[in-house]
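Values quoted throughout were computed directly from the atomic coordinates according to the rules given, and no laboratory measurement underlies them. On a predicted model such as this, the values are computed, not experimentally measured, just so you know. Here the Cβ positions follow ideal geometry from the backbone for every residue, glycine too, while neighbour counts run over all protein chains shown.
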Amino acid sequence: MFIPIGLDQTTVRRLPWVSFAIIAVNFVVFLTVGADVRNAEDEIARRGQEVMAYWALHPYLAFPTKMLPAEMPESQRERITTLAEGMRSLSQKAPASDEQRDQELRELDGLVEKFREALTYHPYKAWGLVPANPRAVAFLTSLFMHAGWLHLLGNMLFFYISGPFTEDAYGRPLFAALYLTSGLASGLVHVAAFPNSEAPLVGASGAIAGIMGAFLVRFVRTKIRFFYFYFFFIIRSGTVDLPAWIVLPLWFLQQLFFAGLSTSSGVAYRAHVGGFIFGFLAALAIKQLRIEERFIAPGIEKEISVTQHPALEEGMELLVRGETGAARAAFQKVLASEPRNADAHLAIWQSHCQDGTAVKGVEHVVRAMDEELRRGDVTLALGHWREMVAATGNGGPAALRFRLGTTLESEDPPAAIEVLRHLAGDQAAGLLTEKASRRLAALGTPPPVASPRSPASAATAAPATSTHATVVAAAPVFTAPAVPTPRPPVPPAAVEAPPEPGPFDEGPEPVREAMGETGSRVFPDVAVAEEIPPTSAQPGGFDVEVCALETLQPEGPMVRATVGGSELLPFVEVEKVVVAGISGAEHPYLVLDLVLHASPGAPRQVERLLSSQFDPRHLVGRPDLSPLQAFRELVRIIAEGAHAELHPATILVPSAKIPTFSTIEAYEQEILIPVL
């Protein structure tokens, strides 16, 4: 026995969605109508038994030949009729009168009608193609009906071997059209061959035969792999590869042979023959008209090919010739239109290394590593980080090193230790030095002795130049604004009463009683030192911790949580930023939720900042802005520094309205939980 199991080639350019969808629909339909088929067959069997039981009690009545299928061969019909006449002659029963015979005959005819009515309710009759009564929709629906598991699995096996590869060559629209028209052609051939048959045609074999015919034309030299086994004193089995130009014609000749012998519509050999011929001729037409080469292949190649900026190729050629200045100019053209093009950033870095000025290219290799981490290419980012350290002694921004090290913890712990030790030994990295040391302790590695100032951050640190301490971002990918220290409290008499604008319009903000302190402001002019509520578990599978926002650091916001005092929340830990207004009670306020990256097996952590607890103008160092403008600027700084998703995306547009809810619970249900 030979069973096809695959081809000698196993790759396609794109996922064959049409083929997978056809297979899935066939299985779904089969499972869906399975119960209806069993119920219908039980009803037909019961009605048939009633007819035969009644006739056995009254054998002198004529045998109900209406029960016999119309497509039954005449020889079988005569054999059954002769057997029934023999039973009548042997019976000693006779009706009491002609009236009784007529009444019994009418009862028998009624039972036969109920039997025939049960036949019409069978799903195969309802959805299959009945040649004696062909319906247009049945030419389609019959392709997805099957008479049993063996019928379904056999068809899907042949289709799985030929369908995906034909779809990959012809494209999805043409392949779908070929499949359906092959099914239509096979149905027409079957109806023409058995115009009086009442047996429904079901199954996808006609359409699959069409795909096999097209496969023979398109993949004539492809080899089909068969599993074989046979018994000759001992069982032998194995696999063998046979070319399509041998196997498929042999299969077609077999179907043609049985179609010539067939006088009934039991197995639809003629539908197979019709579908195969149609698919074969359609593929020949596609080949002769060069439809695949002219229309299909270019579109597929364009979809799957990775195109690059023309200036990138030009710059690479200049770099190879040693014209580094001209090459950098070409790469800058690429970055003007594609600022996140990692290849262009890396090429500029390489050009500086080639000139012996690697320090000037640090910004670009850092941006390339940032993009690689965004894509999940951690190993590539690690290689470029090591290259940068070896060439310049500069480990890059502290936030980038922390992000790289923590990402490597699960994939490559030794490499994570290498990066985190570099960061932990850099005293100029600020608060991230302590965080890196904690990570190393968790990995079982003691931190190194921190140096007063390492090359990794010496080039990026900036001294304070005013009465307020000024911090400049070290990461080239994000520059934080000047961050002043908290200014002294303003006397209450100096605070002017604001007018009454809309809840979240530009200008002075309305007063609100928030967090239990009467008289606090949505954007207060003085620092609010109220008690911070503890972390609360929410029914949506996330934990909310309300924090006070104190300052902005280059690595992230400094927040004061319930326990442990002030702590840095690194940008690298923030995945999403969500903003909303709460307009319930007496006065409105704004919510700024920082959704942290998910941890396996733990609920999502949300750090919640309330506008009643900070002055955004103070935090961003822009007293010239209105409070709401400064709030939008604060949101922008956090979102860009963390490369986080922003919800709503229009929050940074000055004229955009902030979504407002009556309660914090309504906001969480409608915005926060769906975002999570």
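So what's the projected area for segment 209-337, the Cα convex hull averaged over all directions, in nm²?
Orientation-averaged projected area of the Cα hull: 16.0 nm².
What residues qualify as long-range amide H neighbours of Ile5, i.e. H under 5 Å apart, gap of 5 or more or another chain, H built at 1.01 Å from N?
For Ile5, the qualifying residues are Arg225, Phe226, Phe227.
How much space per residue, in cubic angstrom, does the convex hull of the C-alpha atoms of segment 537-667 take up?
118 Å³
I need the chymotrypsin sites (Phe, Trp or Tyr not before Pro) found in segment 230-286, filtered to DSSP loop residues with at most 16 other beta carbons within 10 Å of theirs.
Loop-located and lightly packed - Phe233.
What nm value, rounded to one decimal, do you get for the distance between Glu99 and Glu78 when each label is placed 7 Å out toward the C-beta?
The modelled label-to-label distance comes out at 4.1 nm.
Tell me, what HN-Hα J-couplings in whole Hz come from the Karplus equation 6.51 cos²θ - 1.76 cosθ + 1.60 at θ = phi - 60° for each residue of segment 606-619, using x for Gly and Pro?
Once rounded to whole Hz, the list reads 10, 9, 9, 10, 10, 5, 6, 10, 8, 9, x, 4, 5, 5.
Project the alpha carbons of segment 164-270 onto their principal axes and report the range along each, largest first, in whole Å.
Taking max minus min along each principal axis of the Cα atoms, segment 164-270 gives 48, 41, 19 Å.
Assuming 0.36 nm per residue, please report the length gained on full extension of the stretch Arg14 to Asp624 beyond their Cα-Cα distance.
214.1 nm
In nm, to one decimal, how far is the Glu670 label point from the Leu153 one, both placed 7 Å along Cα→Cβ?
Here the modelled spin labels are 5.4 nm apart.
On the Cα set of segment 307-377, report Rg and Dmax in Å, please.
Looking at segment 307-377, its Cα Rg and Dmax stand at 11.4, 33 Å.
Just the ratio, please: alpha-carbon radius of gyration of segment 174-220 over 2.2 N^0.38 Å, N its number of residues.
1.27
If you filter segment 585-676 for GluC sites (Glu not before Pro), then keep DSSP loop positions with at most 10 other Cβ within 10 Å, what is left? Working shown, then result.
Details: sites: Glu586, Glu607, Glu633, Glu640, Glu645, Glu665, Glu668, Glu670; in loops: Glu586.
Passing sites in segment 585-676 are Glu586.
Which whole-number percentage describes the relative contact order of segment 274-430, with Cα contacts under 8 Å and a sequence gap of 6 or more?
Details: 137 pairs, mean separation 17.8, N = 157.
Taking the mean separation of contacting Cα pairs over the length of segment 274-430, I get 11 percent.
Can you figure out the FRET efficiency of Arg340 with Ala132, using R₀ = 60 Å and their beta-carbon distance, to the nearest 0.05?
Calculated transfer efficiency: 0.35.
Quick one: if you stick a label point 7 Å off each Cα along the C-beta vector at Ala390 and Phe231, how many nm between them?
The two pseudo-label positions are separated by 6.6 nm.
How long are the semi-axes of the equivalent ellipsoid of segment 1-85, taking √(5λ) for every eigenvalue λ of the Cα gyration tensor, in whole Å from largest down?
Its equivalent ellipsoid spans semi-axes of 47, 19, 10 Å.
Which of Lys576/Lys657; Lys223/Lys287; Lys360/Lys435; Lys333/Lys576 have a Cα-Cα distance over 23 Å?
Flagged as over cut-off: Lys360/Lys435; Lys333/Lys576.
Using a Förster distance of 45 angstrom, determine the FRET efficiency expected from the C-beta separation of Glu85 and Lys287, and round it to 0.05.
After rounding, the FRET efficiency stands at 0.15.
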